[in-house]
Amino acid sequence: MSTKGKVKGIIANLVVVEADGPVSQNEICFIITGGTKLMAEVIKISGISTYVQVFESTRGVKIDSDVEFAGHLLEVTLGPGLLSKNYDGLQNDLDKMKDVFLKRGEYTHPLDPGKKWSFKPLVRPGDKVEAASWIGEVQENAMPHKIMIPFSLKGNFTIKNIVEAGDYTIEDTIATIVDNESKEIKISMSQKWPVKVPITNFKEKPRPFRLLETGVRTMDTLNPIVEGGTGFIPGPFGAGKTVLQHAISKQAEADIVIVAACGERANEVVEIFTEFPELEDVRTGRKLMERTTIIANTSNMPVAAREASVYTAMTIAEYYRSMGLKVLMLADSTSRWAQALREMSNRLEELPGPDAFPMDLPAVISSFYARAGFVYLNNGETGSITFLGTVSPAGGNLKEPVTESTKKAARCFYALAQQRADSKRYPAVDPIDSYSKYLEYPEFTEFVSNIISENWIDLVNEAKTILQRGKEVYEQINILGDDGVPVDYHITYWKSEIIDFVILQQDAFDKIDQSTPIERQQYMLEHVLNICNSEFSFDSFTEVDSYFKRIINTYKQMNYSDFKSEKFNKFEKELQNIVNERVVAETQISVE
Amino acid sequence: MDTKAFQKIYTKITQITKATCSLRASGIGYDELAVVNGKLAQVVKIIRDTVTLQVFGGTEGIPTNAEVTFLGKSPTIKVSEDLAGRFFNAYGEPIDGGPAIEGEEREIGGPSVNPVRRKQPSELIATGIAGIDLNNTLVSGQKIPFFADPDQPFNQVMAMVALRAKTDKIILGGMGLTNDDYLFYKNVFDNAGTLDRIISFVNTTDNPPVERLLVPDMALTAAEYFAVDKNETVLVLLTDMTLYADALSIVSNRMDQIPSKDSMPGSLYSDLAKIYEKAVQFPEGGSITIIAVTTLSGGDITHAIPDNTGYITEGQLFLRRDSDIGKVIVDPFRSLSRLKQLVIGKKTREDHPQVMNAAVRLYADAANAKTKLENGFDLTDYDQRSLDFAKDYSNKLLAIDVNIDIDEMLTTGWSLFNKHFKPEEVGIKQDLVDKYWPK
Ligand SMILES: Nc1ncnc2c1ncn2[C@@H]1O[C@H](COP(=O)(O)OP(=O)(O)OP(=O)(O)O)[C@@H](O)[C@H]1O
Ligand SMILES: [Mg+2]
């Protein structure tokens, strides 16, 4: 008999319930009001009172309204058909809802139960399997989607029988397995999993080391993220977090992209809905939407479901990782999720931590980031979840609980600077404050020296040093005045400006400039460093500015041209001519 | 407010604070309306048989034996074409002496639009003000506030924008408007002869502050009626959202909630987002665009109200007095329209994005030159030219009294580049320079 209960208190979306039987923490229940069932999650149990957060508006709920407990935690349905879907935070398929407005209590099936998938078995009767073993495969948007033994099964099993290749729905039994006690279990192509529990059916989780190309130069060149790595992008409003994340979601070298729009603007999600079905994934020639799942719990959607949305997204990411795929997960903005926690904690009258956030916020954030990573599966294959979250610090001040907690959990830090955004130096990633811990991993150094070049890390460090020196002399010039410093200072400053304008700045809205393959990044970095290492002679600082502006301008024309196209080569030649006007003879670059 | 005959009357209030009162009652729904001593109130908390009501008119003078009746519904508004041309108070009651509205009764603060039923905004809203159209182009379905100190002429600019924008309806949600400002809007709308497409919900400084909480939802429910049922384009003006947020904090502090930053409720982000996210473009042509005002105190945008607003809206418009030209300008550095890239260079001339960016960059160079000057350093020739450019740019493009079309703004931009700079100093794509640089 399932547990039932009655409503005894309502404060916004926090409802107090008295249950007539056992309930468990994080169990799902439904509050019945005017014939509608409102989904809720148990968040605290105290004496006879069970506190639940309702994933919907509680308008009209009355004392003594009936409550039904579901006997399970908040879970998602996993199976073929997840890709290209637009879900809300609770994995309701938004496209299946026909109304213009979201209807309270309307829950839709996350997959397509009637749809037939062309299944191909990968195992034979008698084969030994365990949770997460691949037993079959279907093509999902032309991508191999592994059918796995449910993650929740413990122990070893033997395949008793498995269907032949053919068309099946996600609900059809495709295999029967038996455990050591000869108990039979029927397997279908879909399974459920509680979102707040990590899926850990893999052999080991080593340190990640493979570069994940994003096409964004300030990341790939200066502060790279890796397959299975974690990073975060804090920045004041309007600094470019969302634009940067969207760029990465379009360009990154990932098999699967999961986007969690968590408490942000609906129009930004609509932008993805509109663009992704049109845009092509350059590597596969297929539409971006085919490799993407969107979890849209925008700021006007229920707050409690906002908290759930990041877990829903992460669980779907873990599912695809278990198939040996490279998954990229993006969440915008993790601060909204933290705020959802804060709203609830305040209503529960818990003892508040800094800025009224719950005390356990750092732990919640770090265990979430820990779900990302690069893994060796039990069958020896690899899979990864690269996770990048944005953080929206109150007042743009990075000394606040969400930023500080995230800094401890994430390995890459892409700080967006207001000043850079104000002067339209996009992406506004601060090159000095930002970092990637992966640059310090010897595994990573080895990896990039194989795929890019032996001295790549040295070049990157050289560029960083030039940027740092540029910043220092700029401060000097500001204090002492243009003519209060040697002409060399101006040259040093402008060399750092070349790196800033040519490598760091990137126009996210230009077809060519928006994404730079690593080969081109290498070419440009070497090119720019070559110039930075040349000596120039000027009589006075007044000549320096306009000369380097010409160099930068020509470089920008190169950035706007197809790599090594006629146009590109023309500007490159033009650039060499400009350089040769002033370069000291022995460092002259030859013009073919 | 009328009460129906069968309704139970309660007369025993157990607790009263500045904005709320509590009593024992049963069978009450969350969010339900009540009348306390003739004042409208709404259920904000129920614990067992104790119901807490937020009294919109404030609790002054409410006795413990006041009559309390529950209305069995949450706040509503009657919608029909008759709304056009009318003025209402925060409860949706006429204040223009006209008759009550007949129409379908709808709950205010209703559910959100399913994101997959939205359309990407793509219609440019021209205002003639170059500081907006050129640098911060507005798009229908957008939500954007003016960030302004109280002494800036934001109501004037907003009225100007509203009248020039070609929309089917303009809905004014006034919160804590001074009576003078209310009369200003009324006059402007009257004089423009457009009163029949304007609807106003007004809470003035003479009215109790908590009443303001109803204004945005009233205005937006009316807006949804015209945008969804009638496929009309609707522009909603909300002024002043800072006073709305202040009212929120009054209520939440009275309910003993733990305040977060700047004594604002921890739910401020969600509360504001629920309002602003009503801005929408529908595939059928209807749209709701929200232009709001958030007054700042001493230009501080890190305060919780502008800060949360900035994280919700699609950009912001800053007004600033430029002492070099003695006029109010739309500040190009701090202003931003995030939807502009959906229209610039697409609905407008191809050179729009680059002209816009180049001009702002050069204006930034001028700002640096100014700093040098203030620090007593010599200026280079380039510095001097950028300062000259900045003055021209302010006067001919940024000032709020500019009223020209976008092509003309672009032409003005190129002529200013030509007047003060060489092509390579401007940093625009060569193809565009070849095509548009004045010969
Ligand atoms: N790489 C870029 N190239 C050109 N413009 C950019 C770039 N990044 C950001 N912008 C500009 O900045 C605006 C704001 O960017 P974005 O929406 O990403 O900010 P955000 O940091 O996500 O802000 P919020 O926290 O409010 O969501 C964009 O609409 C765009 O005009
Ligand atoms: Mg954003």
Yes/no for A:E472 being among the acidic types (D, E) and not assigned by TED's automatic domain parsing to the domain that holds A:S537: no
Checklist (1) part of a strand (DSSP E or B); (2) away from ligand 2 (no atom under 16 Å from the Cβ); (3) surrounded by 23 or more Cβ atoms within 10 Å (Cβ to Cβ) applied to B:R321, failing item: (3)
Hits in region A:221-242 (condition: more than 11 Å from ligand 2 (Cβ to nearest atom) and either under 15 Å from the mean Cα position of the chain (by Cα) or among the hydroxyl-bearing types (S, T, Y) (or both)): A:T221, A:P224, A:I225, A:V226, A:E227, A:G228, A:G229, A:T230, A:G231, A:F232, A:P234
Residue within region B:92-107 that is closer than 30 Å to B:N179 by Cα, surrounded by fewer than 23 Cβ atoms within 10 Å (Cβ to Cβ), within 14 Å of another protein chain (Cβ to nearest Cβ) and more than 18 Å from the chain's Cα centre (by Cα) present: yes
Residue match in region A:304-315 (condition: touching a Gly at 6+ places or on another chain (Cβ under 8 Å), buried (at least 22 other Cβ atoms within 10 Å of the Cβ) and over 24 Å from A:A410 (Cβ atoms)): yes
Subset of region A:393-432 (residues that are charged (D, E, K, R) and either in contact with a helix residue (DSSP H, G or I) (Cβ under 6 Å, 6 or more places away or on another chain) or within 16 Å of ligand 1 (Cβ to nearest atom) (or both)): A:E400, A:R411, A:R420, A:D422, A:K424, A:R425, A:D430
Scan of region A:33-49 for residues that are assigned to a strand (DSSP E or B) and open to solvent by 50 Å² or more (accessible area, probe 1.4 Å), ordered by number: A:K37, A:K44, A:I45, A:S46
Those residues of region A:284-315 which are within 12 Å of chain B (Cβ to nearest Cβ) and either within 16 Å of ligand 1 (Cβ to nearest atom) or of a type in the set (A, V, I, L, M) (or both), in sequence order: A:I294, A:I295, A:A296, A:N297, A:T298, A:S299, A:N300, A:M301, A:V303, A:A304, A:A305, A:R306
Qualifying position, being open to solvent by 10 Å² or more (accessible area, probe 1.4 Å), among the charged types (D, E, K, R) and touching a residue at least 60 places away in the same chain (Cβ under 8 Å), among A:R425, A:R336: A:R425
Unmet requirement for A:R124, which otherwise passes all of (1) surrounded by 15 or more Cβ atoms within 10 Å (Cβ to Cβ); (2) assigned to a loop (DSSP other than H, G, I, E, B): (1)
Scan of region A:218-253 for residues that are assigned to a strand (DSSP E or B) and of a type outside the set (A, V, I, L, M), ordered by number: A:T230, A:G231, A:F232, A:P234
Residues of region B:273-305 that turn out to be within 16 Å of ligand 2 (Cβ to nearest atom) and either in contact with a Gly (Cβ under 8 Å, 6 or more places away or on another chain) or in a helix (DSSP H, G or I) (or both), as a count: 3
Filter result for A:P198 (more than 16 Å from ligand 1 (Cβ to nearest atom), at pLDDT 95 or above, buried (at least 22 other Cβ atoms within 10 Å of the Cβ) and not in a strand (DSSP E or B)): no
Candidates B:T64, B:T59, B:T50 - the one that is buried (at least 19 other Cβ atoms within 10 Å of the Cβ), touching a strand residue (DSSP E or B) at 6+ places or on another chain (Cβ under 8 Å) and of a type in the set (S, T, Y): B:T59
Qualifying residue in region B:79-101 (condition: touching a residue at least 40 places away in the same chain (Cβ under 8 Å), charged (D, E, K, R) and within 30 Å of A:N92 (Cα to Cα)): no
Selection status of A:S367, more than 16 Å from ligand 1 (Cβ to nearest atom), surrounded by fewer than 24 Cβ atoms within 10 Å (Cβ to Cβ), within 17 Å of the chain's Cα centre (by Cα) and part of a helix (DSSP H, G or I): yes
The lone exception for B:E277 - which of (1) charged (D, E, K, R); (2) in contact (Cβ under 8 Å) with a residue 24 or more places away in the chain; (3) open to solvent by 30 Å² or more (accessible area, probe 1.4 Å); (4) assigned by TED's automatic domain parsing to the domain that holds B:D151 it fails: (3)
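In region B:7-32, which residue that is assigned to a loop (DSSP other than H, G, I, E, B) and of a type in the set (S, T, Y) is farthest from the other protein chains (Cβ to nearest Cβ)?
Among those that are assigned to a loop (DSSP other than H, G, I, E, B) and of a type in the set (S, T, Y), it is B:T11.
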Inter-residue pairs, beta-carbon under 6 Å, first more than 10 Å from chain B (Cβ to nearest Cβ) and in region A:533-548, second part of a helix (DSSP H, G or I) and among the small types (G, A, S), 6+ apart: none
Residue ID - least open to solvent (accessible area, probe 1.4 Å), chosen from residues in region B:221-272 that are within 9 Å of chain A (Cβ to nearest Cβ) and part of a strand (DSSP E or B): B:P265
Region A:271-287 residues that are within 18 Å of A:Q245 (Cα to Cα), paired with ones that are modelled with pLDDT under 85 (beta carbon under 7 Å, 6 or more apart): none
Among the residues listed as A:V448, A:V460, A:V375, A:V402, the single one being within 16 Å of ligand 2 (Cβ to nearest atom) and either more than 24 Å from A:T218 (Cβ to Cβ) or in a helix (DSSP H, G or I) (or both): A:V402
Qualifying residues in region B:334-375 (those that are more than 8 Å from chain A (Cβ to nearest Cβ) and of a type in the set (G, A, S)) - the one surrounded by the most Cβ atoms within 10 Å (Cβ to Cβ): B:A359
Residue among A:Y493, A:Y489, A:Y435, A:Y441 that is buried (at least 21 other Cβ atoms within 10 Å of the Cβ) and either within 26 Å of the chain's Cα centre (by Cα) or within 30 Å of B:Q354 (Cα to Cα) (or both): A:Y493
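Here's the yes/no breakdown for (1) within 14 Å of another protein chain (Cβ to nearest Cβ); (2) within 11 Å of ligand 2 (Cβ to nearest atom):
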{"site": "A:L244", "(1), (2)": "yes, yes"}
{"site": "A:E253", "(1), (2)": "no, no"}
{"site": "A:I256", "(1), (2)": "no, no"}
{"site": "A:V259", "(1), (2)": "yes, no"}
{"site": "A:R265", "(1), (2)": "yes, yes"}
{"site": "A:V282", "(1), (2)": "no, no"}
Among the candidates B:D307, B:D378, B:D331, B:D322, residue that is farther than 30 Å from B:F226 by Cβ, within 12 Å of another protein chain (Cβ to nearest Cβ) and away from ligand 1 (no atom under 16 Å from the Cβ): B:D378
Number of the condition not met by A:G380 [criteria: (1) part of a helix (DSSP H, G or I); (2) open to solvent by 10 Å² or more (accessible area, probe 1.4 Å)]: (1)
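The values are calculated or read from the model by the stated rules, or taken from the named source; none is laboratory data. Just so you know, these numbers come straight off a predicted model, no measurement behind them. Every residue, glycine among them, receives a Cβ derived from its backbone with ideal geometry; neighbour counts consider all protein chains shown. We work out accessible area using only protein heavy atoms, side chains counted, and drop any ligands, DNA or RNA first. Shrake-Rupley method; radii C 1.70, N 1.55, O 1.52, S 1.80 Å.
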